Amino acid sequence: MKEFITKINHKGRVTIPAAVRNHLGIKTNNKIAFIIDSNGMVRIRVLHYPGIASLRGAAGSLNKPLSWEQIEQTAHEDHLEKQNKTDQ
């Protein structure tokens, strides 16, 4: 097992060592996910979305399409809910 040590800067940013980036195949502007499992272990996964079609179904599905007014109402409700959480 290899261990690579890095530090966190004052903004909470971390430089991923080149050996780790190479091992994971991480390139500039790639996105990564941090997964915390039930045992508290943290894993890193590289997100690979080659195109917009690969995202199909990522957000779930609806039983029937929504009207534009329903979409706007849902977005408004989500915004208010988020705003209320930050105000508390």
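Quick note: the coordinates plus some simple rules give every number you see, no bench work behind them. Worth saying up front: this structure is predicted, and the values here are computed from it rather than measured. Note that we place each Cβ from the backbone using ideal geometry, even for glycine, and neighbour counts take in every protein chain shown.
Quick notes on this structure:
- Dipole in debye (nearest 20) - the chain, about Cα centre, beta carbon charges: Lys, Arg +1; Asp, Glu -1: 720
- Once C-alpha pairs closer than 8 Å and six or more residues apart are averaged by separation and normalised to the residue number of region 1-51, the relative contact order reads 23 percent.
- Stretch gain in nm, segment Ala75-His48, where the contour uses 0.36 nm per residue and the Cα spacing is subtracted: 7.0 nm
- Residue separation of Ile8 and Asp87 scaled by 0.36 nm, minus their Cα-Cα distance, works out to 25.6 nm of gained length.
- Option label - Cα extents along the principal axes in Å computed here, alternatives (1) 53, 38, 29; (2) 36, 27, 19; (3) 36, 28, 25: (1)
- All lysines inside 29 Å of Lys7 as judged from Cα atoms, apart from same-chain residues fewer than 8 positions distant: Lys27, Lys31
- Gain on full stretching of the segment that runs from Arg56 to Ala19 - 0.36 nm per residue minus C-alpha separation: 10.1 nm
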